[in-house]
Amino acid sequence: MNILLIGSGGREHALAWAMRTKSSFMRGLYAAPGNPGIFEVARHTDIEDINDHDQIIQFCQRLMIDLVVVGPEQPLALGLADNLRSAGIFTFGPSRAAARIESSKAFAKDMMRKYNIPTAAYKHFDHTQVHDALAYIDNFSKPPVIKADGLAAGKGVIVPRTHEEAKNAVLEMFGGAFGKAGAAVVIEEFMEGEEASVFAICDGTNFITLAPAQDHKRIGDGDTGKNTGGMGAYAPADALVTPEIMDKVKKRIIQPLLDGMRAEKTPFIGCLFCGLMIHNGEPRVVEFNARFGDPETQAVLSVFEGDFVRLLSSAARGEIDKSAVRSSTNGYCCNVVLAAEGYPDTYNKGMRISGIEEARAMNARIFHSGTARDENKELIANGGRVLGVCGSGDTLEKAINIAYQAIPYIEFEGKVFRKDIGQKGLRYT
Ligand SMILES: Nc1ncnc2c1ncn2[C@@H]1O[C@H](COP(=O)(O)OP(=O)(O)O)[C@@H](O)[C@H]1O
Ligand SMILES: [Mg+2]
């Protein structure tokens, strides 16, 4: 099969690597825009702008692309999958309408209410309803969580400590602090519990889940400091998401959501990311995303057993082949993100990166998130999250050790990382 992969982050590097190494169907793999890690396993294209859908379609026709895999949410929300499908090109990724499960938090909450999917109590408001919104906050004994409706690159959610802070957050959002994303807000009950991520590969009607994972959102050890895109993850998070809980997630969350999307005439084809809060053995939805999560994907695909291309292409064709996924996983994986000092606020770019081969010699798998080549073809940092260092082993403890033993070999100025990725998973053992 010839495949075009859209995206340029650590998630896409992991997708490219898994398609290359965990399938017998892979022929030509192309990536746009790609990154230096992705181009270790995929070829360049002449696509200059991934927002130019005609250019992508022409490329696919010229190179006889059998499948397009869309990594990030933005192109999905802009209708890339719709345009590709209209041109007769199989695409792994939801339509613009189905991607609203991520691109509008109000839509997602309304779907959950309509189809009885467990989630936090909520209401949503637009800017003409400021007074109602502020009054609603007082209904909660604990300060409720405030969310900008639209895509806000992981920065649109405020978990306030006081009701006062909650009200200020609403006023800021309506004041334009998050641009168009904050034109409407969701106000929802604070949920206690522990977070986990479950990916469901969906063909519009049926689905199969991959290994559950746990992300580490805060910048600092012990879950302190600012929220980030994610500082590391491990999989399978099987002590937290037990088989019993996984069963509830499938029956009460994923299947009703898929059925609901179909009933609304917007079937979901792609990866449905379920962000969960688990409390006393009961999973509730924090959010849905319309694509694979980063940094969980690097860990989830590291332990994936099966034929990954067969899985994605069968889902894209609307007839998911569940035998493409083996029920057992290949041990455990711990993915530790190396970030640039200052992240998630302002940070430097352009620092030279060394030691990747040495780290690989320590049995770690390295995924590129924010890297580039300078004019001398030297590898440099080019983003807040720079690299993901993955250790694998037959226990989580071994996986963690391999990742952390490899990290010292990788150097760039201002390298920061959490020292406790995966420790949450060990607490249960
Ligand atoms: N209702 C809630 N109760 C407790 N924590 C929440 C709640 N909603 C969100 N959070 C916290 O805020 C984070 C970001 O919220 P989320 O809905 O995942 O938005 P996004 O990923 O788009 O920023 C979550 O990972 C979780 O830690
Ligand atoms: Mg989230």
So what J values fall out for the range 336-345 if you push phi through Karplus, 6.51 cos²θ - 1.76 cosθ + 1.60 with θ = phi - 60°, rounded to Hz, Gly and Pro as x? 9, 7, 9, 10, 8, 3, x, 4, x, 8
List the residues whose amide H sits under 5 Å from the amide H of V303, counting only those 5 or more places along or on another chain, with H placed 1.01 Å from N in the peptide plane. none
So, R0 is 22 Å and r is the distance between the beta-carbons of K349 and R218; what FRET efficiency does that work out to, to 0.05? 0.45
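Could you give the length gained by full extension between R262 and D138, i.e. 0.36 nm per residue of separation minus their alpha carbon distance, to one decimal place? Please list the in-between numbers first.
Working: separation 124, 0.36 × 124 = 44.64 nm, distance 3.64 nm.
Extra length from R262 to D138 when fully extended: 41.0 nm.
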List the residues whose amide H sits under 5 Å from the amide H of S95, counting only those 5 or more places along or on another chain, with H placed 1.01 Å from N in the peptide plane. I269
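Classify the range 126-192 as rounded, prolate or oblate, taking a ≥ b ≥ c as the square roots of the eigenvalues of its Cα gyration tensor: rounded when a/c is under 1.5, otherwise prolate if a/b is larger than b/c and oblate if not.
Since a/c reaches 1.5 but b/c is at least a/b, the shape of the range 126-192 is classed as oblate.
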How much of S104 can a 1.4 Å solvent probe reach, expressed as accessible area in Å² and rounded to 10? 20 Å²
Considering only A213, M173, A403, whose Cα is most displaced toward the positive end of the charge dipole of the chain, charges sitting on Cβ of Lys, Arg (+1) and Asp, Glu (-1)? A213
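With a 1.4 Å probe and every protein chain left in place, work out the accessible area per residue of the chain in Å², rounded to a whole number.
Values: 17710 Å² over 429 residues.
Per-residue accessible area for the chain comes out at 41 Å².
When N counts the residues of the range 288-429, how does its alpha-carbon radius of gyration compare numerically with 2.2 N^0.38 Å, as a ratio?
Working: Rg = 16.8 Å, N = 142, 2.2 N^0.38 = 14.5 Å.
Dividing the Cα Rg of the range 288-429 by 2.2 N^0.38 Å gives 1.16.
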If only Cα atoms are counted, what is the Rg of the range 3-96, and what is its Dmax, in Å? 12.0, 32
Largest first, what is the accessible-area ranking of K123, K377 with a 1.4 Å probe? K377, K123
The chain - percent of accessible surface contributed by carbon and sulfur, probe 1.4 Å: 47 percent
J(HN,Hα) series, the range 33-45, from Karplus relation 6.51 cos²θ - 1.76 cosθ + 1.60, nearest Hz, glycine and proline x: x, x, 8, x, x, 4, 6, 6, 10, 10, 9, 6, 10
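How high is the FRET efficiency from N363 to N206, r the C-beta distance, R0 51 Å, rounded to 0.05? Working shown, then result.
Details: r = 37 Å, r/R0 = 0.72.
Plugging the Cβ-Cβ distance into 1/(1 + (r/R0)^6) gives 0.90.
So what is the diffusion coefficient of the chain in µm² per second by Stokes-Einstein at 20 °C and 1.002 mPa s, using a Kirkwood Rh over Cα pairs?
On the way: Rh = 21.9 Å.
Result for D is 98 µm²/s.
How much length is gained on full extension from H163 to L63, taking 0.36 nm per residue of separation minus their Cα-Cα distance? Walk me through the intermediate numbers first.
Working: separation 100, 0.36 × 100 = 36.00 nm, distance 5.63 nm.
Fully extending the segment from H163 to L63 adds 30.4 nm.
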Potential extension, H131-R373 segment - 0.36 nm per residue separation minus Cα distance: 82.0 nm
Exposure of T21 as accessible area (Å², to 10), given a probe of 1.4 Å and all protein chains: 80 Å²
Measuring from label point to label point, each 7 Å out along Cα→Cβ, what is the A153 to D321 span in nm? 3.9 nm
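The values are calculated or read from the model by the stated rules, or taken from the named source; none is laboratory data. All figures in this text were calculated on a predicted structure; none of them were measured in a lab. Neighbour counts run over all protein chains shown; Cβ positions are idealised from the backbone, glycine included. Heads up: the accessible areas ignore ligands, DNA and RNA and are worked out on the full protein's heavy atoms, side chains in. Shrake-Rupley method; radii C 1.70, N 1.55, O 1.52, S 1.80 Å.
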